[in-house]
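Each reported figure results from applying straightforward, stated rules to the coordinates on display, with no laboratory input. All values reported here derive from a predicted model rather than from experimental measurement. Heads up, the Cβs are rebuilt from the backbone with ideal geometry, glycines too, and the neighbour counts pull from every protein chain shown.
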Amino acid sequence: MIKIFSDLFNKKEEVFVPGLKVDMHSHLLPGIDDGVEDLEQSLETIKALIALGYETLITTPHVMGGVYNNDAALLLKKRDEVRAYAAGKGIKINLEASAEYFLDEVFMDMLKNDKSKLLPFSGNHILIETSFMYPSPYLDEAIFLLQASGFKPILAHPERYIYLHEDWDRYCELHDKGLLFQLNLSSLTGYYSPMVRKIARKLIDAGRVNFVGTDCHGARHIPVLQKAIKDEYYKKAIALPLLNNSLLS
């Protein structure tokens, strides 16, 4: 009994660390990728993200040739639908839309021949991803062309790419050439795998993280995000000169 009371009064209270006001990676536009399915799911997730302290959500549905054939017009239309639905329910949130572009022939064609089809956020930021298993034959060329065109390329969740896990020099090479790195918040918990968590921590320790994103696909991801913001490496991450809050509009 004495031990129970001792544990009760000596237990350290978990303190929420004020952190990021802007999320720049999520899947909150309904019915167009593997994220939320309808407006109600979108609103439920947005409310949960607001409770975590976010004021601006830059949502980034997948764009992948032959799988998620989303174009800028559709993304903006869906954004406006979610905005109107949220406003109608009295929810105040600054919602913007961009995309998470898979590096494939479709993306490279847009980049080379019709950049007006791209939907950057905050003027010139473009979020890109590759296969988790295999290196992309387009990565270096895409970085060069994006930068030459005035864009700031951001690699989504670099810690998740299995083909990079044993090649730290490649991480450094990519980051040093100006490819910005966006870490997934959930990676800090081991949600994806212990190795992903290990690489996430290594990137933070090395100061090679420019953005932290939720990559939230719906309310099912909220519990792991709530867990992540209590992780010691979340505190280390937000102590870095992250660019999230510079995107506030």
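For the reader, a short list of remarks on this structure follows.
- Selection status of Ala99, closer than 22 Å to Ser186 by Cβ and surrounded by 21 or more Cβ atoms within 10 Å (Cβ to Cβ): yes
- Residue that is surrounded by the fewest Cβ atoms within 10 Å (Cβ to Cβ) [pool: residues in region 151-190 that are among the hydrophobic types (A, V, I, L, M, F, W, C) and touching a Lys or Arg at 6+ places or on another chain (Cβ under 8 Å)]: Cys172
- Any hit, region 37-56, residues being exposed (fewer than 15 other Cβ atoms within 10 Å of the Cβ) and more than 21 Å from the chain's Cα centre (by Cα): yes
- Qualifying positions in region 104-114 - out of contact with any strand residue (DSSP E or B) (no Cβ under 6 Å at 6 or more places or on another chain) and surrounded by 15 or more Cβ atoms within 10 Å (Cβ to Cβ): Asp104, Val106, Met108, Met110, Leu111
- Among the conditions (1) surrounded by 14 or more Cβ atoms within 10 Å (Cβ to Cβ); (2) without any contact (Cβ under 8 Å) to a residue 12 or more places away in the chain, the only one that Ala148 does not satisfy is (1).
- Among the conditions (1) free of Cβ contacts under 8 Å to residues at least 24 places away in the same chain; (2) among the hydroxyl-bearing types (Ser, Thr, Tyr); (3) touching a strand residue (DSSP E or B) at 6+ places or on another chain (Cβ under 6 Å), the only one that Tyr101 does not satisfy is (1).
- Within region 126-144, considering residues that are in contact with a Ser or Thr (Cβ under 7 Å, 6 or more places away or on another chain) and among the hydroxyl-bearing types (Ser, Thr, Tyr), the one surrounded by the most Cβ atoms within 10 Å (Cβ to Cβ): Thr130
- Region 24-36 residues that are among the hydroxyl-bearing types (Ser, Thr, Tyr), paired with ones that are in a loop (DSSP other than H, G, I, E, B) (beta carbon under 7 Å, 6 or more apart): Ser26/Thr60; Ser26/Thr214; Ser26/Asp215
- Summed over region 191-249, residues that are assigned to a helix (DSSP H, G or I), exposed (fewer than 14 other Cβ atoms within 10 Å of the Cβ) and in contact with a Pro (Cβ under 9 Å, 6 or more places away or on another chain) total 0.
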